[in-house]
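Throughout, read-outs are computed from the coordinates displayed, never taken from laboratory work. Source: prediction; values computed, not measured. In this analysis, Cβ positions are derived from the backbone assuming ideal geometry, glycine residues included, and neighbour counts consider all displayed protein chains.
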Amino acid sequence: MKEHGPWKTKNTKTAYESPWIRVDHSEVINPGGVDGTYSTVHFKNLAIGIIALDEDMNTWIVGQYRYPLHTYTWEIPEGGGALKEPPLESAKRELLEEVGLKATKWDLIQEMALSNSATDELAYIYLARDLEQFEPEPEEDEEIEIKKLRFDEFYKMILNGEILDSLSVAAGLKLKLMIDNGQLI
């Protein structure tokens, strides 16, 4: 029997696996001593988000249809980063790929566990500045719309519930705090 804090794992079997995720089904004894089951989603990539900010306080968001929600969403440039690749390298690739930007100044502004009750997915959010525009290089399965807008507009979209993506919300709230506290150098 494998110990995990107050949880005891009796056995674990892979219920499903794809190139991106693995779903495990475990028989456990919970912290109250009761037999139960627990399913966990293991991600094979990191979640990477980038909030780009130019000298005029503009940022970029992308709109795309998200299959799991069956809806069109607006969000910061984001994507998956290989576990063996430094997260910053993934961020640089995603920013160029989705909005055609390269940055010379990068700051990691937030690390997150996206849904720690059901998954081990970790996220890294970067602030990209000192930007240069190039042509976007979207992947073949991406059909995205790019919107450049004032950061204050983006922040209002978060407050109004127009942006629901967790990386985008966290990035916008964190950047607003940094701006209000004079932390942008």
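Worth pointing out:
- Separation of alpha-carbon centers, region 99-161 and region 18-45, rounded to whole Å: 30 Å
- Going by neighbour counts of Cβ atoms within 10 Å, the residues E97, E55 line up, fewest first, as E55, E97.
- If only the Cβ of Lys and Arg carry +1 and only the Cβ of Asp and Glu carry -1, the dipole of the chain around its Cα centre is close to 800 debye.
- Between K13 and K44, the C-beta separation translates, for a Förster distance of 22 Å, into a calculated FRET efficiency of about 0.75.
- Applying a threshold of 32 Å to the alpha-carbon distances of K10/K44; K84/K174; K2/K92; K13/K102; K92/K176; K44/K105 flags K2/K92; K13/K102 as lying beyond it.
- Ordered by the count of other Cβ atoms within 10 Å of each Cβ, fewest first, M1, M178 give M1, M178.
- Computed [θ] at 222 nm, deg cm²/dmol, the chain (DSSP H ≥ 4; -39,500 (n - 2.57); rounded to nearest 500): -6500 deg cm²/dmol
- Going from the residue with the fewest nearby Cβ atoms within 10 Å to the one with the most, Y16, Y124 rank Y16, Y124.
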